[in-house]
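Below: one structure, written as structure tokens.
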Amino acid sequence: MIVGGEPELALLLHIFPEGVEELDGAYAVYADEPPLGFDVVEIDDVSDGWEDTWRDFHHGLRVGRCWVGPPWEEPPADAVTVMIDPGRAFGTGTHATTRLCLELLQELEPTSLLDVGCGSGVLSVAAAKLGFAPVRAVDVDEVALETTRVNAEANGVTVDVGAELQPAALAVMNIALDVVERMLPELPVERAITSGYLEREEPHADGWRSVHRSVRDGWAADLLEFRP
Ligand SMILES: C[S@@+](CC[C@H](N)C(=O)[O-])C[C@H]1O[C@@H](n2cnc3c(N)ncnc32)[C@H](O)[C@@H]1O
């Protein structure tokens, strides 16, 4: 257990999707490794099963035409159901940035899609259910790739899961700002929904400009177009 550091709960949850809780006036975050910039001031034995305690707090959520929720909840009959068990990968669907991306996806005509930083696969699965095809899901984390495979199969949709980027008409990329900016020049797409950064931030990359911006709870998402 690591205590201390950045006092903003929303930001901490984004950085430590494994878990954050308020503890004696400080924030405790759960992570396998102490992250850079944080002081480890206390190390406890953590009780068995802590990875699963978040399940008690994970509930389904309506996002436009979609309902994103865990397999142990009953979805509404009129929604496009996106059943997600994130396991230990990021992406229950409830984080503001995920919701912003999913809302933007629903405003676009379905095309081929490259989901960069797929996490639990929530955006890939939702996109496939909304008619996007083919959908390619990419992540640097093996757990995320495997979780996305499992969630795609559980939802009965086809998602091509792998480590390499592949060309598509549209990308969706919900990662931190520095990663978004670093990856934009190498993305084999001409349009991208990007998020993972705060309202006061915006991604900059040569040739890319925002044609639409949405905000929620202090977070932002952009629809970017490449116009060299
Ligand atoms: C904030 S989560 C987003 C998960 C999901 N797409 C969502 O919107 O809820 C970011 C994901 O990006 C992945 N990631 C981080 N850096 C990456 C990189 N350079 N290339 C691909 N994936 C990356 C992380 O492993 C993590 O699964």
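The values are calculated or read from the model by the stated rules, or taken from the named source; none is laboratory data. This is a predicted model, so every value here is computed, not measured. Backbone-built Cβ (ideal geometry, glycine too); neighbour counts: all protein chains shown.
For the range 59-74, the criterion of being under 26 Å from Asp217 (Cβ atoms), in the same structural domain as Gly196 (by TED's automatic domain parsing) and either basic (Lys, Arg) or surrounded by 16 or more Cβ atoms within 10 Å (Cβ to Cβ) (or both) is met by no residue.
Which residues, counting only those in the range 76-96, are over 19 Å from Gly156 (Cβ atoms) and crowded, with 23+ Cβ neighbours inside 10 Å? Within the range 76-96, Ala89, Phe90, Thr92, His95 meet the criteria. The residue that is surrounded by the most Cβ atoms within 10 Å (Cβ to Cβ), counting only those in the range 163-175 that are over 23 Å from His95 (Cα atoms) and within 11 Å of the ligand (Cβ to nearest atom), is Leu165.
Just so you know, in the range 101-121 the residues that are assigned to a helix (DSSP H, G or I) and more than 9 Å from the ligand (Cβ to nearest atom) include one that is surrounded by the most Cβ atoms within 10 Å (Cβ to Cβ), and it is Leu105. May I ask you to verify whether Glu201 is assigned to a loop (DSSP other than H, G, I, E, B), surrounded by fewer than 23 Cβ atoms within 10 Å (Cβ to Cβ) and in contact with a helix residue (DSSP H, G or I) (Cβ under 6 Å, 6 or more places away or on another chain)? Yes. Selection of the range 132-148 for residues being more than 21 Å from Pro110 (Cα to Cα) and surrounded by fewer than 24 Cβ atoms within 10 Å (Cβ to Cβ) yields Val140, Asp141, Glu142, Val143, Leu145, Glu146. Checking each residue in the range 65-97 for being within 13 Å of the chain's Cα centre (by Cα) and either more than 14 Å from the ligand (Cβ to nearest atom) or of a type in the set (Val, Ile, Thr) (or both) picks out Val68, Ile84, Thr92, Thr94, Thr97.
Based on this model, can you work out whether Thr81 counts as under 25 Å from Ala220 (Cα atoms), part of a loop (DSSP other than H, G, I, E, B), in contact (Cβ under 8 Å) with a residue 12 or more places away in the chain and of a type in the set (Val, Ile, Thr)?
Considered against the rule, which asks whether it is under 25 Å from Ala220 (Cα atoms), part of a loop (DSSP other than H, G, I, E, B), in contact (Cβ under 8 Å) with a residue 12 or more places away in the chain and of a type in the set (Val, Ile, Thr), Thr81 comes out as no.
The C-beta contact set for the range 178-193 (first residue assigned by TED's automatic domain parsing to the domain that holds Glu103 and touching a residue at least 24 places away in the same chain (Cβ under 8 Å), second residue within 10 Å of the ligand (Cβ to nearest atom) and assigned to a loop (DSSP other than H, G, I, E, B), distance under 8 angstrom, 6+ apart or interchain) comprises Val179/Gly117; Met183/Ile175; Leu187/Leu165; Pro188/Leu165.
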